[in-house]
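Notes to accompany the following structure.
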Amino acid sequence: MKNTKLKIIMAVTALLPTAAVLTVLPFLPEKIPAHYDLNMNINRWGSKYESLIFPAAAILMAAYMYAMSRFSSKQENGDSNAKVMLICGIIINIFLGAMTVWFLALSFKAVSGIKINCEMFVKFVFICVGIVTSVIGNFIPKCKINSVIGLRTKWSMENEDIWFKCQRFGGALFVFCGILMVVISAILKNTVLIITANIIISIIIAAGSILGSKIIYDKTVGKIQ
């Protein structure tokens, strides 16, 4: 069975958030903070069982990535792409696990009457997002041409050469923007500015990936002609 270790790690990282929540669930009050405004003021209280949302997302993500890795393995260059899918699933599950622990900590702080630092919360979220983005960027260039994972546009799918160049560009863009997210989130002091800056960076990733693949396509096809 190929990629057995990765599959086991993904299963473990998917189940750990659920184990963590079930461990502390008896110690949580029936009502916990379920939603906050931009100033981290609680504007909705919900059942303590809502703390299982992120763990459930981790399990669903693991199931999806496992299914996609199986699908990828049946395609050309499938083994390499299946491995990347599993690694990405593990990374995302670690992120969801971190978010689970963070929200559990927020719940305990809130019910204890401790003031929650809005800026620190937003910093934590986007620093985690930046790290995940950078790590995934390292694996994008390892993807072989396929219909499931990678920087896939009608231009990048033209041929192997263009695909390879697009994946290298996309990977570098993800890594750079991920690091930028971490640095900006750590430096900026205003919550709204942190959120706005990270939204702009996310747009740059999306638009840059599409535009970059088009430029690479034009240059490569132009050289051939």
- Note on the structure: In degrees rounded to 10, the 0-90 angle between helix 118-139 Cα long axis and the longest Cα principal axis of the chain is 30
- Note on the structure: Listed residues SER202, SER213, SER147; largest mean-square fluctuation, Gaussian network over the chain with Cα springs below 10 Å, found at SER147
- Query: Any idea what % of Cα-Cα pairs in the stretch 128-215 are farther than 22 Å?
  - Reply: 29
- Item | Theoretical FRET efficiency, 1/(1+(r/R0)^6), r = Cβ-Cβ of LYS219 and THR196, R0 41 Å, to 0.05 | 0.80
- Query: Mind listing the Cα extents of the chain along all three principal axes, in Å, largest one first?
  - Reply: 69, 45, 22
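What order do you get for ILE194, ILE59 when you list them from fewest to most C-beta neighbours inside 10 Å?
In order of increasing Cβ crowding within 10 Å: ILE59, ILE194.
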- Message: Full-extension gain between CYS118 and LEU211, please, as 0.36 nm times their residue separation minus the C-alpha to C-alpha distance.
- Response: 29.9 nm
- Rounded to 10°, Cα long-axis angle of helix 78-111 versus longest principal axis of the chain: 20
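Every number in this text was worked out from the coordinates using simple rules, so none of it is lab data. None of these values were measured; they are calculated from a predicted model. Here Cβ is always computed from backbone atoms with ideal geometry, including for glycine, and neighbour counts include all displayed protein chains.
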